[in-house]
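K.L.:
The structure is given below, and queries will be raised subsequently.
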Amino acid sequence: MITFKMFTLWTRRIVLVTLLAMVGSLYIVAGAKSAAPEENKTSSVKKKTKAATKKTPAKKKKTETPAKAPQAEKKTETLTEAPKAEEKKAEAPVETPKAEEKTEAAAEAPKTETPVEAPKAEEKKAEATAEAPKAEAEGTIQISDANHLKKVLKENDFDLNRARSEDTGIPRTYMANFPQDMPKIKDHKTKKDLFISTLLPMILRENETILRERKHLLELKKAADTGRSLKPYEQFWLNKICQKYKMSKLDFDELVRRVDIIPPSLALGQAVIESGTGTSYAAVKKHSPFGITVKKSVLKYKDLSESTCAYMRNLNSHAAYRTMRKTREKLRKENKAIDGNALIGDMVAYCEFKNYIGKVRSAIKHNDLVKYDGLNLAPKSAA
């Protein structure tokens, strides 16, 4: 028979076993929960690693962004190359003397000359003197017909006879061209007066430029003869003049021989024969009254000023007229007048026409052109 003590003992054992079972189940549940976070952690880690692997290309893209750095470097390179362009700009003034050195080489001026070092202001002054004909080509008047020319002459108080008798000088009125209807003018005196009134101011202006160059040249020659060292800008000017008058090297005596006037009577006389007193096609359409040709074709000029300058420069530089220049030099030394009759005898090479010299002399005499040799342009203040 089960006593109370035995019942109590068995009851305690059952409770103890139950408690142990409960505790064991709790441990199992706790172990399962602890295992679950670890699995979650590992899965999350795996997810993170997968995400990391997926994000790795993005990181590569980000890392590729610096790959564009070379482009930025190229920009920086262009920035660093920009000074090279500035250096080129800076080098331009330095290279300009090289161009001047080429002109020196062309002129074969003495090596001791250093025109490159001429101050800019003085270079411009020297260039202005050496290239005066170009500057003076401005201010010409375009002429349409004979009536227009007569009107312009009247407005400028242009009178050849009065200019000679009163010694007032020829007005500084420069025509760019002959009237288009010049060939239609029948009256010889009218045609001659319009022809001379158109061409004479151009001839006198070019002679004025030549005399200015000659004066400066004689001053430099005198300075060199006395032993004074020429300044760089003076040497530069001499090189420009040598180039203008077709000299390969500086020779003062020869240069002085070349830089001298062409008497109006000679220029007008030749123009009368070459252009038919301004009526030829070359004179009217090509502004070429002096008959300057290249390969048997008459050259065309932009205006009468340019053709007059080319004509005089040709006589003062071409080897064919060396004898004429020596005759002119002799007349100067003997203090005699330089006129067309004295110089035309040495102009055989100018034209192939038979008896060309006689025709020019006849034109000078028939039109009384020698009387224009002593004329000058009116002073600029009174022009």
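Rule-based calculations on the coordinates, nothing more; no lab input. The structure displayed is predicted, hence computed values, not measured ones. Backbone-built Cβ (ideal geometry, glycine too); neighbour counts: all protein chains shown.
K.L.:
Computed FRET efficiency, Cβ-Cβ of K184 and E254, R0 56 Å: what is it to the nearest 0.05?
P.N.:
Numbers: r = 46 Å, r/R0 = 0.83.
After rounding, the FRET efficiency stands at 0.75.
K.L.:
Given labels modelled 7 Å from the Cα in the Cβ direction, how far is it in nm from S229 to T18?
P.N.:
13.3
K.L.:
Once you have all Cα-Cα distances for segment 225-366, histogram them in 10 Å bins from zero and send the whole-percent values.
P.N.:
Using 10 Å bins, I get a P(r) of 11, 36, 33, 15, 5, 0 for segment 225-366.
K.L.:
OK, next. Which three numbers, in whole Å and largest first, are the semi-axes of the equivalent ellipsoid of segment 115-382 derived from its Cα gyration tensor as √(5λ)? Please report the intermediate quantities before stating the final value.
P.N.:
On the way: eigenvalues 204, 91, 65 Å².
Those come to 32, 21, 18 Å.
K.L.:
What order do you get for H216, H366 when you list them from fewest to most C-beta neighbours inside 10 Å? Can you show the working numbers first?
P.N.:
Numbers: H216 18, H366 11.
Ranked by crowding around the Cβ, least crowded first: H366, H216.
K.L.:
Taking the simple approach of a point 7 Å from Cα along Cα-to-Cβ for both N376 and K215, what is their distance in nm?
P.N.:
It works out to 0.8 nm between the two label points.
K.L.:
Another question, then. How much net charge surrounds T277 when only the other residues with a Cβ under 9 Å from the Cβ of T277 are counted, with Lys and Arg +1 and Asp and Glu -1? Don't jump to the answer; show the numbers that get you there.
P.N.:
Values: positive: K191, K192; negative: none.
Net charge in that neighbourhood comes out at +2.
K.L.:
Quick one: which of K154/K192; K191/K365; K154/K184; K150/K191 span more than 19 angstrom between C-alpha atoms? The partial results should precede the final answer.
P.N.:
Details: K154/K192 17 Å; K191/K365 17 Å; K154/K184 21 Å; K150/K191 11 Å.
Beyond 19 Å between Cα atoms: K154/K184.
K.L.:
Another one. Could you work out how far apart the two model spin labels at N355 and H148 are, taking each label as a point 7 Å from the Cα in the direction of the beta carbon, and quote it in nm?
P.N.:
3.9
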